[in-house]
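**Student:** One structure, as structure tokens, below. Some questions next.
The values are calculated or read from the model by the stated rules, or taken from the named source; none is laboratory data. Just so you know, these numbers come straight off a predicted model, no measurement behind them. Here the Cβ positions follow ideal geometry from the backbone for every residue, glycine too, while neighbour counts run over all protein chains shown.
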Amino acid sequence: MNYTIKNANLSATFTDLGGELISLKKGDVEYIWYGDKQYWGGQSPLLFPYCCRLFGGHYTYRGQSYEGANHGFIRRSLLAADVHGDSITFSLRANEETRKLYPFDFEYAIKYTLEGDSLICETTVKNLGDETLHYCNGMHPGFNVPLGTGTKFEDWYMEFGGVAQPKQVLFSEGKFCIDEKDFSDQLVGGTKLPLHHSLFDDDAIFLTGAADSVTLRCDASERSVTVSYPNTPVIGFWHMPFTDSPYVCIEPLCGLPSFEGKVDDIETKLYAKHLANGESHTDTVKITVN
């Protein structure tokens, strides 16, 4: 089922399948990727309890193996919806089916709120069990490029909110982590990453140590979209490799794919969060359109 919230500036639509954002409009301009399966059928999936690929298609916890598809199971789960004016919350509690994939008692919730020209996305995970809960999470929104008419994909670029010394995560042929390298030389003026389709022919670009916001913009357009992700260790950019896909994903991630040749133990997975009984943690991402 789909749900729409509105304020004076924006309209946002979601589906309860995965709590996914499927439309974000200002006026008649659509910012969220349309989900054309010719390129990529997703739009803005949520990632939990891990991000990206698992080496061997599974992870372990206390010697037990658990199978897992890319990005976890939240995006394939039907979530409960609660609408309050200009906000909506989607949630899921552990159940018999989730425990087959993830052996923890948890509550996952994402609250979307419209404020002016921004959509505030607050993801909260709570440990409902007695054991320490271990998880990674993230967001995977796709944005249309170009935004509107009159420009082409290569006219657009990503501009970070400040100068930093980001490192790019390097992948093996199987698309698992192997190392990092300096990414500063790819940035024009220390902040700008020009877009071109071949940028993604080696799959996603995952950066650590980058500034905590990035703006998709074009000098020939007044439209732009800014994604802010404070305290998030990884920011990713992606579209389907070897295509002329008219979108780009901006992915704030608290997690990475497995390392090549290593099956993850979820207790020690890089960037995992750890919650004691009764504890909860909230990550906030803000999407602002202009």
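**Student:** Return the residues of region 195-216 that are in contact with an Asp or Glu (Cβ under 6 Å, 6 or more places away or on another chain) and either over 23 Å from Asp182 (Cβ atoms) or among the β-branched types (Val, Ile, Thr) (or both); say none if nothing qualifies.
**Tutor:** His197, Thr215
**Student:** Starting from residues that are part of a loop (DSSP other than H, G, I, E, B) and in contact with a helix residue (DSSP H, G or I) (Cβ under 9 Å, 6 or more places away or on another chain), keep the ones in region 96-112 and report whichever is surrounded by the fewest Cβ atoms within 10 Å (Cβ to Cβ).
**Tutor:** Residue satisfying both the conditions and the ranking: Asp105.
**Student:** Could I ask something else about it? I'm trying to understand the selection: among the residues of region 235-266, which are farther than 25 Å from Tyr157 by Cα and not β-branched (Val, Ile, Thr)?
**Tutor:** Let us first name the residues in region 235-266 that are farther than 25 Å from Tyr157 by Cα, namely 257-266.
Selection gives Pro257, Ser258, Phe259, Glu260, Gly261, Lys262, Asp264, Asp265.
**Student:** Which of the residues spanning region 98-147 are more than 30 Å from Ala220 (Cβ to Cβ) and hydroxyl-bearing (Ser, Thr, Tyr)?
**Tutor:** Thr98, Tyr102, Tyr108, Tyr112, Thr113, Thr123, Thr124, Thr132, Tyr135
**Student:** A further question on this structure: What are the residues in region 5-35 that are in a loop (DSSP other than H, G, I, E, B) and either out of contact with any strand residue (DSSP E or B) (no Cβ under 9 Å at 6 or more places or on another chain) or farther than 19 Å from Glu251 by Cα (or both), if any?
**Tutor:** Asn7, Ala8, Asn9, Leu10, Asp16, Gly27, Asp28
**Student:** Restrict the check to region 141-157 and report whether at least one residue is within 25 Å of Phe73 (Cα to Cα), outside any loop (DSSP other than H, G, I, E, B), modelled with pLDDT of 95 or more and in contact with a Pro (Cβ under 8 Å, 6 or more places away or on another chain).
**Tutor:** Checked against the condition, which is being within 25 Å of Phe73 (Cα to Cα), outside any loop (DSSP other than H, G, I, E, B), modelled with pLDDT of 95 or more and in contact with a Pro (Cβ under 8 Å, 6 or more places away or on another chain), region 141-157 yields no hits at all.
**Student:** Also, I was wondering about something else. Here are some residues: Ser213, Ser228, Ser245, Ser221. Which one is buried (at least 17 other Cβ atoms within 10 Å of the Cβ), touching a residue at least 60 places away in the same chain (Cβ under 8 Å) and farther than 30 Å from Leu128 by Cβ?
**Tutor:** Going through Ser213, Ser228, Ser245, Ser221 in turn, just one is buried (at least 17 other Cβ atoms within 10 Å of the Cβ), touching a residue at least 60 places away in the same chain (Cβ under 8 Å) and farther than 30 Å from Leu128 by Cβ: Ser245.
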